[in-house]
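What follows is a single structure, written as structure tokens, with notes after it.
Each value in this text was obtained by applying a stated rule to the coordinates, not by laboratory testing. Only a predicted model underlies this, so the values are computations on that prediction, with no experimental measurement involved. Glycine gets a Cβ as well: all are built from the backbone with ideal geometry, and neighbour counts include every protein chain shown.
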Amino acid sequence: MIALARQYGRYGYRRIAALLRDAGWQVNDKRVERLWRREGLKVPAKQPKKGRLWLNDGSCLRLRPEYRNHVWSYDFVHCRTDDGKVFRTLNILDEFSRECLAIRVKRKLNSTDVIDALSDLFILRGVPTFIRSDNGPEFVAHAVRDWIKAVGARTAYIEPGSPWENGYCESFNARFRDELLDGEIFYGLHEAQILIEKWRKHYNTKRPHSALGYRPPAPETIIPMDQRPAMH
């Protein structure tokens, strides 16, 4: 427990308990919590509840993803390397599975980079029904809107009075910053790209997610030796 708490300093006892069970330990949350407090480990404070999005006519609506590839969302995050130079990340999520589909890391990112990243994912995973995004200048570019429409998806921009929100991406960005960016020194862009991709893979395959019953979004599948194809 202590080794995991040191490795994942921003995890609470519930995520640590899930990781222990995944490693074969037969422990429940209550036992881990008792040991957690006995060792003087700090349980992170609960996040404040977020209100619903109210429309101009006084009604309230939240559109939620219902299956994989139903709604993807994407957003930018800013950070700096050790020399003070800014770099940006383009984070793309599947809202239903909570899987981080890609993180594009560059000094500068624009609408062309958004199209390139999405086109790569469309080839690998198919075209989602909706793509949700912020209403910043990169995302309202006509080239992005026209391209998304041409490939058969629908855009869902967050605008005043709209039922669309980007809470999934905002939550992911907060975890991304809290668990990696705020605690890591990046000595160059290439190092940032390597460490961020390593974190993304851990987030998808290992990190327990509370909304998924403390299971990772895309756990790795282990094929038994007797079921693996023969090597020629």
Cut-off 9 Å between beta-carbons: net charge of the residues surrounding Leu189, Lys and Arg +1, Asp and Glu -1: +2
Overall dimensions of region 71-212 as given by Cα atoms, namely Rg and Dmax in Å: 15.0, 43
Viscosity 1.567 mPa s, temperature 4 °C, Stokes-Einstein D of region 69-129 from Kirkwood C-alpha radius, µm²/s: 105
